Amino acid sequence: MTSPQIAVTLLGLAAVAWINWYFFLAGRSSATAVADGGLQRVRVEVKGGYTPSVVRVRAGVPVRLEFHRDETNTCTEEVVLPDFGIRTFLPAHRTTPVSFTPAEGTYEFSCGMGMVRGKIVAERKA
Ligand SMILES: [Cu+2]
């Protein structure tokens with residue numbers, strides 16, 4: 001294997017290890033982002049609301065919210081992050097990633113109709 005191939009393989013293995021850790025060991029209700037090689041990933045359960053509804057992250061570091069929508073109620077089929085110009089369809093029973101890099105501040109996210117809401121709090125020191 002060439003060194004780029006080895007690097008990709010190692011990254012893949014790291015991702016698999018991380019996913020296993022994430023789904024089997026990590027606390028589901030944690031509202032603080034887990035930094036993973038400079039990427040903050042937060043799983044947000046979408047079921048009648050957002051859990052956690054307040055997500056704390058570090059400002060200036062890329063964030064990936066992983067919206068797991070476990071319902072078919074059309075209310076939550078879209079998620080909107082107006083400050084980042086994001087409007088994304090969330091298929092039912094799937095995990096949909098939404099990525100952005102926040103500056104320091106508080107940002108809202110909501111369903112397409114603005115009925116179900118959550119907040120991202122980006123701080124210098126998360
Ligand atoms: Cu709605």
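The values are calculated or read from the model by the stated rules, or taken from the named source; none is laboratory data. Because the structure is a prediction, the values reported are computed rather than measured. For neighbour counting, all protein chains shown are included, and Cβ atoms are generated from backbone atoms with ideal geometry for every residue, glycine included. Please note that ligands, DNA and RNA were not included when accessible areas were found on the heavy atoms of the full protein model with its side chains. Shrake-Rupley method; radii C 1.70, N 1.55, O 1.52, S 1.80 Å.
Just to confirm a number: summing +1 for Lys and Arg and -1 for Asp and Glu over residues other than residue 79 whose beta-carbon lies under 9 angstrom from that of residue 79, what do you get? Before the final figure, lay out each step's value.
On the way: positive: 69, 87; negative: 77, 78.
After counting each charged neighbour, the total is 0.
In loop segments of segment 70-126 as defined by DSSP, the GluC sites (Glu not before Pro) with at most 13 further C-beta atoms inside 10 Å of their C-beta are 104. Reducing segment 32-70 and segment 105-126 to their Cα centroids gives an inter-centroid distance of 10 Å. Less than 5 angstrom separates the built amide H of residue 78 from those of 90, 112, all sequence-distant by 5 or more or on a different chain. Note that segment 99-114 has calculated 3J(HN,Hα) couplings of 10, 6, 10, x, 7, 4, x, 10, 10, 9, 9, 7, 6, x, 9, x Hz, one per residue in order, obtained from phi through the Karplus relation 6.51 cos²θ - 1.76 cosθ + 1.60 (θ = phi - 60°); glycine and proline are x. Remark on residue 64: its backbone amide H falls under 5 Å from those of 40, 41, 42, a criterion applied only to residues 5 or more positions apart or on other chains, H modelled at 1.01 Å from N. Just add up the charged neighbours of residue 69: K/R +1, D/E -1, any other residue whose Cβ is under 12 Å from the Cβ of residue 69. For residues surrounding residue 69, the net value is -3. Close amide H pairs (under 5 Å, H built 1.01 Å from N) link residue 96 with 67, 68, 69, residues at least 5 positions away or on another chain. Positive contributions from Lys and Arg (+1) and negative ones from Asp and Glu (-1), summed over other residues with Cβ under 9 Å from the Cβ of residue 100, come out at 0. With every protein chain in place and a 1.4 angstrom probe, the accessible-area ranking of 86, 120, largest first, reads 86, 120.
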